[in-house]
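Peer 1: Here it is: the structure, laid out below.
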Amino acid sequence: MRSIKDKPNLNQKKVLLRLDLNVPLDNGKITDTTRIDKILPTINFLLKSGAKIIILSHVGRPKGKIVNELSLKPIYENLKNKLNENIRLVSKNIRELKPTDLFNKNNEKIVILENLRFYEEEEKNDDSFAKHLASLADIYVNDAFSCSHRAHASIFEITKFIPSYAGLQLNLEIDALTKITSEIQRPITCIIGGSKISSKINIIKNLMVKFDNIIIVGGMANNILKYKGYEIGKSIQENDRNKIIEEIFALSKKENCKIIYPEDVTVGKDLNGSSEIKELDNVYKDELILDIGPKTIKAINLLIEESSTILWNGPAGYFENPNFAKGSIEIAKKIIEKNKNNTIYSVAGGGDTVSFLNSIGATSNFNFVSTAGGAFLEYLEGKELPGIRALK
């Protein structure tokens, strides 16, 4: 896979830069700029190299129709302020665009094309649409790892018509994921949470072959506690998951991978209530398990202390209520402590995990924090992503 940082002589080259600027919007205001902030190094690198940049992205799911609320205008304004550059948002129909429509002012270095998903051809991976996009530039750069699990025109098909490279952020993501899936420094531990064990079963199975410890927390752990015969009250759970849990324990034995689940819990009567620490055999039918307890925190932190590599995908509890955030906070503290001592390589990913780390201002204290969502999870499942395959 060729990297744009190794491409010589980008001066005056027109670069199609595929980004994921699908940021959350509320009445036209951006509520989280993480995805924009992460791609600034790539834009600055291209500007410093003298390139002219055509930014491609999408926002939301307009399903091939123009939806004004899903315009890239707020993103364009944010980038304009952050880069202090003359940027133009091109709202002309992409199908009708010609190269001469772009960079027609001397000082114009960046143009942004309007939401790619306003065109149904994008999600259909349309050959003609991809070829037309490619005709607008000299080079294509994919810096949208988070979209690379989609075989869409601007991710996959386009690479057939133009010299194509990986962006700086995409390279960082692949490097980080490589360190937790193939070039591993042991011992390696995974902390995995989420509400549904069924949605993470393929990740658990794939990682169990490579990892020394898998710690299951969050709503997923409730199914294991129930399987082990404990009362879980009104806690979130999935029905009929005993077969999946049996598979997990059988595979862990075969692969010599230790499975860790809560030894004690923190419960509440509802999501907004106060917390109480409980032993596993003392949870009542009207209670919700909303966090791990102190014994579990101690056991998890002991494993983190012994680990050289860690992957975190899923908070330990309902961190939105501070009464149930202690488990996640203590895990984060321990990883950060080891990171500062350079005794661990840490990767975190998944929407809720990133939200939690943002809420405590801890994202910069991990070696890598992925905002890639579905692509991150599919990579961990061992799937080959179409966007990555296309660059090889």
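The values are calculated or read from the model by the stated rules, or taken from the named source; none is laboratory data. On a predicted model such as this, the values are computed, not experimentally measured, just so you know. Every residue, glycine as well, gets a Cβ built from its backbone with ideal geometry; the counts of neighbours run over all protein chains shown. Side chains are part of the model used for accessible areas, which takes the heavy atoms of the whole protein and leaves out ligands, DNA and RNA. Shrake-Rupley method; radii C 1.70, N 1.55, O 1.52, S 1.80 Å.
Peer 1: Skipping prolines and chain starts, which residues have an amide H placed within reach, meaning under 5 Å, of the one on K258, given they are 5 or more residues away or on another chain?
Peer 2: Residues meeting the amide H criterion: N213, I214.
Peer 1: Rounded, prolate or oblate, given the Cα gyration tensor of the chain, with a/c below 1.5 counting as rounded?
Peer 2: Prolate shape, in that a/c is at least 1.5 and a/b is the bigger ratio.
Peer 1: Roughly to the nearest percent, how much of the accessible area of the range 351-392 is carbon and sulfur, given a 1.4 Å probe?
Peer 2: Reported share for carbon and sulfur atoms: 42 percent.
Peer 1: Counting other Cβ atoms within 10 Å, keep those with at most 11, restrict to DSSP loop, and tell me which trypsin sites (Lys or Arg not before Pro) in the range 238-272 are left. Mind dumping the intermediate values first?
Peer 2: Values: sites: R241, K243, K253, K254, K258, K269; in loops: R241, K269.
Filter output for the range 238-272: empty list.
Peer 1: Using a Gaussian network model on the chain with a 10 Å cutoff between Cα atoms, which of L225, L17, L56 fluctuates the most?
Peer 2: Looking only at L225, L17, L56, the biggest GNM fluctuation is shown by L225.
Peer 1: Accessible area of the range 75-130 with a 1.4 Å probe: how many percent of it is carbon plus sulfur?
Peer 2: On the range 75-130, the fraction of accessible area on carbon and sulfur atoms equals 38 percent.
Peer 1: Using a Gaussian network model of the chain whose springs link C-alpha atoms within less than 10 Å, name the residue from N81, N27, N341 with the highest mean-square fluctuation.
Peer 2: In the Gaussian network model the winner is N27.
Peer 1: So, in Å, what gap is there between the alpha-carbon centers of the range 118-149 and the range 248-318?
Peer 2: Taking the Cα centre of each part, the range 118-149 and the range 248-318 sit 43 Å apart.
Peer 1: For E123, what accessible area in Å² do you get when you roll a 1.4 Å probe over the heavy atoms of the protein chains, rounding to the nearest 10?
Peer 2: Counting only protein heavy atoms, E123 exposes about 80 Å² to solvent.
Peer 1: Taking springs between alpha-carbon atoms closer than 10 angstrom, which of I94, I158, I289 fluctuates most in the Gaussian network model of the chain?
Peer 2: I94
Peer 1: In the range 267-361, which chymotrypsin sites (Phe, Trp or Tyr not before Pro) fall in coil by DSSP and have 13 or fewer other Cβ atoms within 10 Å? Kindly include the intermediate steps, with their values, before the conclusion.
Peer 2: Numbers: sites: Y284, W312, Y318, F319, F324, Y345, F356; in loops: Y284, Y318, F319.
Here the sparse-neighbourhood loop sites are Y284.
Peer 1: Ok, one more. When we measure straight from the Cα of K243, which lysines land under 17 angstrom away, once same-chain ones fewer than 8 places off are left out?
Peer 2: K196, K200, K205, K226, K228, K253, K254
Peer 1: Express in nm, to one decimal, how much length is gained between K285 and N84 on full extension, taking 0.36 nm for each residue of separation and deducting their alpha carbon distance.
Peer 2: Residue separation times 0.36 nm, minus the Cα-Cα distance, leaves 66.6 nm.
Peer 1: Using a 1.4 Å probe over the heavy atoms of the protein chains, calculate the carbon and sulfur portion of the accessible area of the range 151-276 as a whole percent.
Peer 2: Ligands and nucleic acids excluded, carbon and sulfur reach 46 percent.
Peer 1: Taking the Cα centre as origin and putting +1 on Lys and Arg beta-carbons and -1 on Asp and Glu beta-carbons, what dipole magnitude results for the chain, to the nearest 20 debye? Intermediate values should be presented prior to the final figure.
Peer 2: Details: 55 positive and 49 negative charges, 246 e Å.
The calculation lands at about 1180 debye.
Peer 1: Would you work out if the range 236-324 is rounded, prolate or oblate? Take a ≥ b ≥ c from the square roots of the eigenvalues of the alpha-carbon gyration tensor; rounded if a/c is under 1.5, else prolate when a/b is larger than b/c, oblate otherwise.
Peer 2: Verdict is oblate for the range 236-324.
Peer 1: Oh, and also: How far is the Cα center of the range 337-392 from the Cα center of the range 71-91, in Å?
Peer 2: 27 Å
Peer 1: Probe of 1.4 angstrom, ligands and nucleic acids ignored: what's the accessible area per residue over the chain, in square angstrom?
Peer 2: Working: 17450 Å² over 392 residues.
With all protein chains present, the chain gives 45 Å² per residue.
Peer 1: So, one more: If the cut-off is a Cα-Cα distance under 12 Å, which aspartates and glutamates reach K269, setting aside same-chain residues fewer than 8 apart in sequence?
Peer 2: Of all the aspartates and glutamates, those that pass the test against K269 - Cα under 12 Å, at least 8 places apart if same chain - are D286, E287.
Peer 1: Can you return the lysines within cross-link range of K334? Criterion is Cα-Cα under 17 Å, with same-chain partners fewer than 8 residues away left out.
Peer 2: Within the straight-line limit of under 17 Å, K334 reaches these lysines: K295, K298, K326.
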